[in-house]
Amino acid sequence: MMKTRILSLLLLSAVTLGFTACSSDDPDTSYSVIEPGVTEKNDLDLWIEANYRKPYNIDFKYRYEDIEGDFNYYLVPARYEDANTMAHLVKHLCVETYNEVAGVDFTRQYFPKMFYTVGEWEYQNNGTIILGTAEGGLKIFLTGLNYLPTYMQSAATLNYYYIKTIHHEFTHILNQTRTIPSDFQTITPTGYVADMWNETPNWLPRGFISDYSQHSYIEDFAEVMSVYITNDSATWDNWMTQAGATGSGLIQQKLDIVRDYMLSNFGIDLDELREVVQRRQNEVVSGLVDLQDLTVK
């Protein structure tokens with residue numbers, strides 16, 4: 001009898017606990033237990049707010065957010081000081097360049113609404129690295145910011161690894177608004193080699209301004225545009241000499257189409273754009289631009 005009583009009490013306790021457990025599992029939908037983190041704004045955040053968000057509605061993200069990157073690569077955050085430098089470079093060499101040439105309304109309408117930066121490159125299996133990408137016409141993703149101090153030593157390396165990439169990706173964004181003229185595809189139609197571009201030499205005599213131009217006509221167009229405006233006339237003329245009569249003639253045909261495309265669609269004189277890019281770039285290399293100043297005006 002005692003055993004039966006004890007067993008009954010145990011069963012009653014178990015049932016009571018069961019009801020209690022079930023009751024505690026019911027969610028209280030009146031509030032969320034997940035609260036977003038709050039990061040106190042530092043000087044760079046306030047500077048970005050004043051120089052990107054307010055005038056252009058552009059977000060310059062430098063804090064690591066895995067959802068903004070590519071899960072196929074191992075990435076690390078950009079260092080604060082390098083993100084600060086890059087934010088100033090993009091403003092002086094890209095955003096304000098298009099302001100000067102095409103007007104602030106052009107920049108507000110066409111420039112991407114987000115820059116996302118990381119510290120490491122994206123390394124590919126073919127031995128190349130991804131310097132940047134454009135996504136959906138709204139975002140430019142820049143990699144390798146932690147190497148910026150090394151490549152700031154000259155305009156050539158700064159352009160090759162960073163600034164040309166931004167102009168290249170911005171060209172892709174413009175192409176989503178106004179398509180590339182079909183004539184461009186007919187100049188070197190059999191010369192495109194897709195992912196074999198880094199294994200195909202002698203691109204200049206074949207009518208391509210860079211090795212990556214050989215990937216596809218879309219990349220070719222963006223390379224002609226970005227390489228032309230980020231390099232001075234002496235450098236370009238030297239490449240045309242290396243290309244020879246045939247190669248330089250093909251590249252010139254492509255350049256003429258790019259020049260007409262920018263003028264007819266966006267009212268931008270490509271040579272004026274190049275002149276402004278060169279001047280602003282020389283201002284940076286000469287130390288005339290303070291790339292660390294976070295004074296909010």
Practice item. Considering only residues that are touching a Leu at 6+ places or on another chain (Cβ under 9 Å) and of a type in the set (A, V, I, L, M, F, W, C), look in segment 94-132 and name the one that is nearest to residue 165 (Cα to Cα). Key: 131
Study note, to complete from the structure: In the set 234, 222, the lone residue that is free of Cβ contacts under 8 Å to residues at least 24 places away in the same chain and hydrophobic (A, V, I, L, M, F, W, C) is 234
Study note, to complete from the structure: Of the residues in segment 79-112 that are surrounded by 18 or more Cβ atoms within 10 Å (Cβ to Cβ) and of a type in the set (D, E, K, R), the one that is farthest from residue 54 (Cα to Cα) is 82
Check your understanding: Would you say residue 195 is in contact with a helix residue (DSSP H, G or I) (Cβ under 8 Å, 6 or more places away or on another chain) and charged (D, E, K, R)?
Key -> no
Review point. If you go through segment 141-154 one residue at a time, do you hit one that is assigned to a helix (DSSP H, G or I), outside the structural domain of residue 226 (by TED's automatic domain parsing), farther than 20 Å from residue 203 by Cβ and free of Cβ contacts under 8 Å to residues at least 12 places away in the same chain?
Key: yes
Check your understanding: Filter segment 37-93 for residues that are in contact with a Phe, Trp or Tyr (Cβ under 6 Å, 6 or more places away or on another chain) and β-branched (Val, Ile, Thr); which is nearest to residue 291 (Cα to Cα)?
Key -> 48
Practice item. Inspect segment 85-94 for any residue being more than 17 Å from the chain's Cα centre (by Cα) and either at pLDDT below 95 or closer than 30 Å to residue 229 by Cβ (or both) and give the result as yes or no. Key: no
Check your understanding: Of all residues in segment 195-225 being among the acidic types (Asp, Glu) and touching a Phe, Trp or Tyr at 6+ places or on another chain (Cβ under 7 Å), which is surrounded by the most Cβ atoms within 10 Å (Cβ to Cβ)?
Key -> 220
Check your understanding: Considering only segment 257-297, how many residues are in a helix (DSSP H, G or I) and hydrophobic (A, V, I, L, M, F, W, C)?
Key -> 11
Study note, to complete from the structure: Checked 180, 187, 163 against criteria (of a type in the set (A, V, I, L, M), in a helix (DSSP H, G or I) and either more than 21 Å from residue 277 (Cα to Cα) or under 12 Å from the mean Cα position of the chain (by Cα) (or both)); the one match is 163
Check your understanding: Among the candidates 192, 228, 162, which residue alone is buried (at least 20 other Cβ atoms within 10 Å of the Cβ), of a type in the set (Phe, Trp, Tyr) and in the same structural domain as residue 275 (by TED's automatic domain parsing)?
Key -> 228
Exercise for review: Please give the number of the condition residue 218 fails out of (1) of a type outside the set (Phe, Trp, Tyr); (2) over 25 Å from the mean Cα position of the chain (by Cα); (3) part of a helix (DSSP H, G or I).
Suggested key: (2)
Check your understanding: Based on what the data block shows, is residue 251 over 18 Å from the mean Cα position of the chain (by Cα), of a type in the set (A, V, I, L, M) and not in a helix (DSSP H, G or I)?
Key -> no
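The values are calculated or read from the model by the stated rules, or taken from the named source; none is laboratory data. Given the structure is predicted, the values throughout are model-derived calculations rather than measurements. Cβ sites come from the backbone with ideal geometry, for glycine too, and all protein chains shown count toward neighbours.
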